[in-house]
Amino acid sequence: MDMIFTADQIFLLILAVIFLIAIITIVVEWRKSNVSKNEIILLEKQAELKKIELVEKDLDSKQRKENLADLSEEDQNKLKEIRTNTSEITAKVGLLTTQVNERVEQLEAKNELVKLLKLSNELDKKEKELNDLLNK
């Protein structure tokens, strides 16, 4: 069974392959664009939810302020004192955190200095040994 193709058959076969590749490419690109559109819609919905969340937080904050106005003078003073104490504690925490970080950096620098001094001394000894060997 010898299969001999004519030039017309080969031409039609090549066209069919090209057509098939074109269809596959179009379908893949169409799918990608649909996925991109879905992602864009999702991001828009997320942005909308964030806006709603911010508005809700703002309303909640306003309600809290209004509720504070309803409190007695003594309760307002207690809240004010608590806020002041919280601010002071937060400031102390920030200061201590900074001090600890600075001390850690200082220790790391000292440790590095010690290592480099040891290495420098070892290099000096090695260099002296090599010079002594060369001078013999």
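Just to be sure I understand the filter: pairs with C-beta atoms under 8 Å, separated by 6 or more residues or on different chains, first member in the range 6-32 and without any contact (Cβ under 8 Å) to a residue 40 or more places away in the chain, second member surrounded by 10 or more Cβ atoms within 10 Å (Cβ to Cβ) and aromatic (Phe, Trp, Tyr). Which pairs pass?
Pairs that qualify, where the first residue is without any contact (Cβ under 8 Å) to a residue 40 or more places away in the chain and the partner is surrounded by 10 or more Cβ atoms within 10 Å (Cβ to Cβ) and aromatic (Phe, Trp, Tyr), are Leu13/Phe5.
Given the residues Leu117, Leu123, Leu79, which is the only one that is at pLDDT below 90 and either more than 29 Å from the chain's Cα centre (by Cα) or of a type in the set (Val, Ile, Thr) (or both)?
Working: Leu117 fails: at pLDDT below 90; Leu123 fails: at pLDDT below 90.
Within the list Leu117, Leu123, Leu79, the selection yields Leu79.
For Asn38, state whether it is surrounded by 10 or more Cβ atoms within 10 Å (Cβ to Cβ), under 40 Å from the mean Cα position of the chain (by Cα), without any contact (Cβ under 8 Å) to a residue 40 or more places away in the chain and assigned to a helix (DSSP H, G or I).
Details: surrounded by 10 or more Cβ atoms within 10 Å (Cβ to Cβ): yes; under 40 Å from the mean Cα position of the chain (by Cα): yes; without any contact (Cβ under 8 Å) to a residue 40 or more places away in the chain: yes; assigned to a helix (DSSP H, G or I): yes.
Taking the combined requirement at face value, the residue satisfies it.
The values are calculated or read from the model by the stated rules, or taken from the named source; none is laboratory data. All of these numbers come straight from a predicted model, not from anything done at the bench. No Cβ is skipped: glycine too gets one built from the backbone with ideal geometry, and neighbour counts run over all protein chains shown.
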